[in-house]
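S.K.: Once you've had a glance at the structure underneath, I'll fire off some questions.
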Amino acid sequence: MQDADIREGVDRETVETVQNMGSYKYGWETEIEMEYAPKGISEEIVRLISKKNDEPEWMLDWRLQAYARWVGMTEPDWALLDLPKIDYQDLYYYARPKSMVEKPKSLDEVDPKLLATYEKLGIPLKEQMILAGVEGAENINLEERQVAVDAVFDSVSVGTTFKAKLAEAGVIFCSISEAIKEHPELVQKYLGSVVPQTDNYFATLNSAVFSDGSFVYVPPGTRCPMELSTYFRINAENTGQFERTLIICDRGAYVSYLEGCTAPKRDTAQLHAAVVEIVVLEDAEVKYSTVQNWFPGDEEGKGGIYNFVTKRADCREARAKVMWTQVETGSAITWKYPSCILRGDESSGEFYSIAIANNFQQADTGTKMVHLGKNTRSRIVSKGISAGQAQNTYRGLVSMHPRAKNSRNYTQCDSLLIGDKCGAHTVPYIEVKNNSSRVEHEATTSKVDDDQLFYCRARGVGEEEAVALVVNGFCRDVLQALPMEFAMEAQSLVAISLEGSVG
Amino acid sequence: MLEIKNLHVKLQDEDKVILKGMNLTVETGKVHAIMGPNGSGKSTMSYVLSGRDGYEVTEGSATLGGKELLDMEPEERAAAGLFLAFQYPVEIPGVGNMTFLRTALNAQRKARGEEELSAGEFLKLVREKAKTLKIDADMLKRPVNVGFSGGEKKRNEILQMAMLEPKMCILDETDSGLDVDAMRLVADGVNALRAPDRSFLVITHYQRLLDHIKPDVVHIMADGRILQTGGPELALEVENNGYAEILAAHGLTEAK
Ligand SMILES: Nc1ncnc2c1ncn2[C@@H]1O[C@H](COP(=O)(O)OP(=O)(O)O)[C@@H](O)[C@H]1O
Ligand SMILES: [Mg+2]
């Protein structure tokens with residue numbers, strides 16, 4: 001009952017948040033002196049980024065190899081996206097606040113402007129604070145609700161909280177640039193082992209120019225004592241953000257990781273091309289939750305983030321487990337397929353997704369479940385919501401290899417349409433190469449039901465709030481897979497993203 | 001409290017006229033019952049009063065406490081004190097019953113410029129009201145009306161009514177499909193809400209509900225208007241003799 005009460009509190013909070021909010025609320029800009037690499041991409045720029053990060057030789061070589069490869073590649077065009085031409089020479093690939101040139105030694109030394117930025121975003125960079133107050137929080141063990149944060153601002157990590165406390169448990173949580181210097185053996189062993197440099201156009205680009213991101217290592221048998229999170233903020237104009245995240249969960253370990261993203265409102269589009277690699281070893285478990293709230297562009301489709309992300313988890317050994325949960329409300333264009341390689345026998349992968357596209361947003365998102373090991377399991381629950389003139393595509397691959405005997409997949413793919421100018425598409429690819437495995441796929445498409453809206457309104461709930469309520473209900477299965485603080489944020493985002501979609 | 005004057009309503013997308021000069025006045029604190037054959041327009045009337053889309057008012061007016069209802073949005077009517085217990089309550093998958101109630105209650109309070117209820121106050125209130133309607137914690141947690149039995153749905157409507165404390169309650173066949181025990185629960189729930197400043201309009205086919213909820217006035221409705229108005233004895237008469245005589249007196253037949 002207590003859990004349910006908290007959930008009720010969460011739901012209510014959402015509705016209140018919605019009532020008190022305008023649309024995109026993170027659209028403001030931090031005025032801060034920045035240092036940029038010259039515009040455009042070249043071998044020199046790759047060398048410069050490596051130098052700015054004080055990287056060892058091997059890292060530079062790795063980047064240069066990726067760059068050499070990228071030059072000969074072309075953008076993929078298979079997604080159901082109307083891609084505007086991106087001029088890769090008209091972007092900044094590196095931007096950092098001047099106050100970050102000398103790396104602050106502790107959080108106390110971080111530029112107050114940067115701290116204020118994260119405070120305004122609701123991200124605590126102080127260790128005594130916990131994420132947004134939850135109704136009934138007095139019943140929750142505060143220790144358990146602590147969340148460690150790595151804050152990435154444009155191209156650099158500004159700071160990471162709770163490092164000392166995590167270190168006590170043997171958990172390494174730092175920026176990837178720091179990991180490259182402090183833990184080269186781990187980075188060298190695992191970087192590119194899940195998403196190879198050659199994987200795809202955007203992953204290769206990222207491999208050449210990534211500037212920062214988060215690094216996590218959880219040692220064998222360790223349950224990470226708190227949730228870890230990275231908060232990405234793009235602030236500078238005409239700047240691409242290329243972050244790289246590497247998570248290694250060693251045998252029998254567990255970690256829950258959260259990722260959040262926002263950017264100011266601008267009328268020119270910006271590129272974000274990230275790579276996330278997760279290595280899950282025997283009996284280990286990783287939960288990775290994202291609330292993606294990049295600026296989606298305005299009502300006419302101007303501006304917004306182009307989000308091309310490669311996220312993949314490798315369940316490398318037996319009984320490894322990974323769960324992706326994503327709430328995609330932002331970005332003008334989303335191209336993203338968090339995937340699971342189920343290599344270990346009896347390993348399992350889950351993917352829960354809410355993708356909302358309103359106005360002129362385009363989303364092509366889904367997952368890949370590649371079953372290689374015996375008795376592997378995967379589950380996909382996708383909720384796509386389209387409003388305005390948006391196009392929303394679920395694209396998913398389920399592949400059962402010959403060796404993956406007795407494996408199972410269950411896919412449920414629901415689309416909800418608001419209005420009649422938007423589109424929802426479902427593109428499942430299914431390959432089964434052994435005869436003992438089973439794949440189940442269910443798909444539905446529905447419209448927001450007038451009777452439901454009227455019922456809510458007849459009880460006094462205004463029209464937009466009624467839509468938010470009904471849509472949140474539609475997304476329930478996925479929202480429940482999120483950690484509580486995120487569930488709250490996600491629910492209000494659902495509502496905000498749909499503002500102006502009715503009436 | 002509620003005053004319907006010469007109300008004419010047709011379907012928006014069709015030429016079909018459903019209400020044909022409906023007149024009805026429900027005084028403050030009174031319980032009125034409407035009985036009538038299927039297809040008389042009883043549900044249509046309650047939908048039009050609540051502001052559902054799909055109807056066109058071609059003539060007439062409806063006021064609540066002197067304010068014109070027909071110009072308001074559905075949520076404004078609710079905030080003004082109108083409540084309709086639906087003949088067919090709607091399912092809202094994934095939305096917890098309690099969340100729904102709390103959202104509705106606070107939306108109304110906010111619209112009226114009142115303080116919203118805190119989580120604690122709300123929980124206390126809802127548990128208390130749910131208990132008298134024999135609605136258990138599980139039903140409060142489940143998604144709105146999803147997988148509820150007929151009786152549960154109707155009790156849930158009454159729970160909403162008890163929580164929202166409207167001034168004018170319309171119950172559209174809240175008794176139909178209920179067994180005797182369920183009907184008694186519903187009737188007790190309604191009776192507990194009777195108050196000098198609250199009016200009821202009870203739409204029903206059966207006298208048996210009116211044994212429990214004693215009406216002050218009974219109306220017989222057919223063909224989109226009120227044919228006859230009387231005291232509780234009128235319901236008994238219909239129960240014994242059916243509608244044929246009353247209809248015939250107005251040149252109508254049962255088949256209509
Ligand atoms: N949306 C609608 N579309 C078509 N016919 C309708 C609609 N709503 C009501 N009607 C018709 O109007 C008449 C009155 O219906 P209703 O108000 O439900 O009557 P009652 O509740 O008294 O049984 C019936 O003939 C019914 O079929
Ligand atoms: Mg009816």
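The values are calculated or read from the model by the stated rules, or taken from the named source; none is laboratory data. Every value quoted in this text rests on a predicted model; they were computed, and no experiment measured them. Don't worry about glycine lacking a Cβ; one is built from the backbone with ideal geometry, like all the others, and counts go over all protein chains shown. To get the accessible areas, we keep the full protein, side chains included, count just its heavy atoms, and leave off ligands, DNA and RNA. Shrake-Rupley method; radii C 1.70, N 1.55, O 1.52, S 1.80 Å.
S.K.: Within segment A:88-103, identify whether any single residue is within 25 Å of the chain's Cα centre (by Cα), surrounded by fewer than 16 Cβ atoms within 10 Å (Cβ to Cβ), assigned by TED's automatic domain parsing to the domain that holds A:GLN270 and within 17 Å of A:TYR201 (Cβ to Cβ), and answer yes or no.
M.R.: Yes, there is a match, as at least one residue in segment A:88-103 is within 25 Å of the chain's Cα centre (by Cα), surrounded by fewer than 16 Cβ atoms within 10 Å (Cβ to Cβ), assigned by TED's automatic domain parsing to the domain that holds A:GLN270 and within 17 Å of A:TYR201 (Cβ to Cβ).
S.K.: Residues of segment A:307-363 being open to solvent by 20 Å² or more (accessible area, probe 1.4 Å) and among the charged types (D, E, K, R), which ones?
M.R.: A:ARG312, A:ARG316, A:GLU317, A:ARG319, A:LYS321, A:ARG343, A:ASP345, A:GLU346, A:GLU350, listed by residue number.
S.K.: Out of all the residues in segment B:172-181, is one or more within 14 Å of chain A (Cβ to nearest Cβ), in contact (Cβ under 8 Å) with a residue 12 or more places away in the chain and within 14 Å of ligand 1 (Cβ to nearest atom)?
M.R.: Within segment B:172-181, one or more residues are within 14 Å of chain A (Cβ to nearest Cβ), in contact (Cβ under 8 Å) with a residue 12 or more places away in the chain and within 14 Å of ligand 1 (Cβ to nearest atom).
S.K.: Name the pairs whose Cβ atoms lie under 6 Å apart, with the first residue in segment A:204-226 and surrounded by fewer than 23 Cβ atoms within 10 Å (Cβ to Cβ), the second of a type in the set (Gly, Ala, Ser), and 6 or more positions between them or separate chains?
M.R.: Every condition considered, the pairs that remain are A:PRO219/A:GLY170; A:PRO220/A:GLY252; A:GLY221/A:GLY252; A:THR222/A:ALA169; A:THR222/A:GLY170; A:THR222/A:ALA253; A:PRO225/A:ALA169; A:MET226/A:ALA148.
S.K.: Which one is nearest to B:GLU68 (Cα to Cα), of the residues in segment B:16-58 that are small (Gly, Ala, Ser) and more than 14 Å from ligand 1 (Cβ to nearest atom)?
M.R.: Among those residues, the one meeting the criterion is B:GLY51.
S.K.: Name the residues in segment B:88-111 that are hydroxyl-bearing (Ser, Thr, Tyr) and within 7 Å of chain A (Cβ to nearest Cβ), would you?
M.R.: B:THR99, B:THR103
S.K.: Okay, moving on. Residues that are in contact with a Lys or Arg (Cβ under 9 Å, 6 or more places away or on another chain), in contact (Cβ under 8 Å) with a residue 40 or more places away in the chain, hydroxyl-bearing (Ser, Thr, Tyr) and within 16 Å of ligand 2 (Cβ to nearest atom): does segment B:229-244 have at least one?
M.R.: Within segment B:229-244 (the criterion being in contact with a Lys or Arg (Cβ under 9 Å, 6 or more places away or on another chain), in contact (Cβ under 8 Å) with a residue 40 or more places away in the chain, hydroxyl-bearing (Ser, Thr, Tyr) and within 16 Å of ligand 2 (Cβ to nearest atom)), the answer is no, since none of the residues qualifies.
S.K.: Among the strands (runs of 3 or more DSSP E) lying completely within segment A:386-503, list those that include at least 3 residues that are open to solvent by less than 30 Å² (accessible area, probe 1.4 Å) and more than 14 Å from every other protein chain (Cβ to nearest Cβ).
M.R.: Ranges flagged: A:391-400, A:408-417.
S.K.: I've got another one for you. Taking B:LYS16 as the residue in question, decide whether it is farther than 22 Å from B:VAL217 by Cα, within 16 Å of ligand 2 (Cβ to nearest atom) and either more than 13 Å from chain A (Cβ to nearest Cβ) or open to solvent by less than 10 Å² (accessible area, probe 1.4 Å) (or both).
M.R.: Yes: the conditions hold for B:LYS16.
S.K.: Would you confirm whether any residue within segment B:2-9 is within 16 Å of ligand 2 (Cβ to nearest atom), at pLDDT 95 or above, away from chain A (no Cβ under 14 Å) and touching a strand residue (DSSP E or B) at 6+ places or on another chain (Cβ under 7 Å)?
M.R.: Yes, segment B:2-9 has at least one match.
S.K.: Residues in segment B:24-34: is at least one farther than 20 Å from B:LYS167 by Cα and open to solvent by less than 40 Å² (accessible area, probe 1.4 Å)?
M.R.: No, segment B:24-34 contains no residue that is farther than 20 Å from B:LYS167 by Cα and open to solvent by less than 40 Å² (accessible area, probe 1.4 Å).
S.K.: What are the residues in segment A:477-500 that are charged (D, E, K, R), within 21 Å of A:SER382 (Cβ to Cβ) and under 16 Å from the mean Cα position of the chain (by Cα), if any?
M.R.: Across segment A:477-500, the qualifying residue is only A:GLU489.
S.K.: Here are some residues: A:ALA363, A:ALA313. Which one is small (Gly, Ala, Ser), under 22 Å from A:SER207 (Cα atoms) and more than 12 Å from the chain's Cα centre (by Cα)?
M.R.: A:ALA313
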